[in-house]
1. Can you compute the FRET efficiency between N169 and R79 using 1/(1 + (r/R0)^6), with r the Cβ-Cβ distance and R0 = 45 Å? Round to the nearest 0.05.
2. Using the 2.2 N^0.38 Å rule of thumb for compact globular proteins, work out how segment 96-182 stacks up: its C-alpha Rg over that value, please.
3. With r as the distance between the Cβ atoms of M151 and N72 and R0 = 25 Å, compute the FRET efficiency 1/(1 + (r/R0)^6) and round to 0.05.
4. How long is the gain from R104 to D40 if the chain were fully straight, where each residue apart is worth 0.36 nm and the alpha carbon distance is subtracted?
5. Pairwise over distinct Cα atoms, reciprocal of the mean inverse distance: report the Kirkwood radius of segment 112-160 in Å, one decimal place.
6. Fewest first, what order do F134, F116 take by the number of other Cβ atoms within 10 Å?
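No value in this document is a laboratory result; all are computed from the given coordinates. All of these numbers come straight from a predicted model, not from anything done at the bench. Here Cβ is always computed from backbone atoms with ideal geometry, including for glycine, and neighbour counts include all displayed protein chains.
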Amino acid sequence: MKIVSRICTTLAVRERVGGSRGRLYKVALAWTGDRMLADDLVQEAIAIGLSKGHQLRDLEKLYPWLYSILNNCWRRHLRSQQPDSGCEPDSLACETTLEQQVERQRIVQDVRQAVFRLSVGQREVISLVDLEGFSYADVAEILEIPIGTVMSRLNRARKALQQTLRRMNPEVEPDVALLRRVR
């Protein structure tokens, strides 16, 4: 009976790992700022996740486990070379007017530029908490750091983002709710 249960768990892991590509890509893009590198990191993380899926004991911990793999892939890349800090805007959803599209694209670019000015640790924490919605405990587990470090990095990252965005656009007060919608 244990073998059947193990096979079912492995199949469920494979299905969920394959279906998590979009979520992983969003975080990888936030970390790297480079679409091709983000795609490479996600492919590597998924390949590792699929090959080691049998090691996962608890399906509830699948996403933190996958993000830990992605984080390890990212760290390996950082050790091997300098990350590209260039920023390419994502394609934007259709808006009602061209003016709104241009304004939204400007906001997205400003936020991305501000995010890339953060330290790597702050960028990792803010993307996992604010973009992916992970709990502080999950982020601590994913990044293998104390929960207090997660909280302090997040606080500093949010303050730094606000200050940077104020300097970039002094006439506009940064809206934290808007920052969370710019993904």
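1. Here the calculated transfer efficiency is 0.80.
2. In units of the 2.2 N^0.38 Å rule of thumb, it is 1.17.
3. With a Förster radius of 25 Å, E is 0.65.
4. Computed gain between R104 and D40 is 20.3 nm.
5. 10.4
6. Least crowded to most crowded, the residues run F116, F134.
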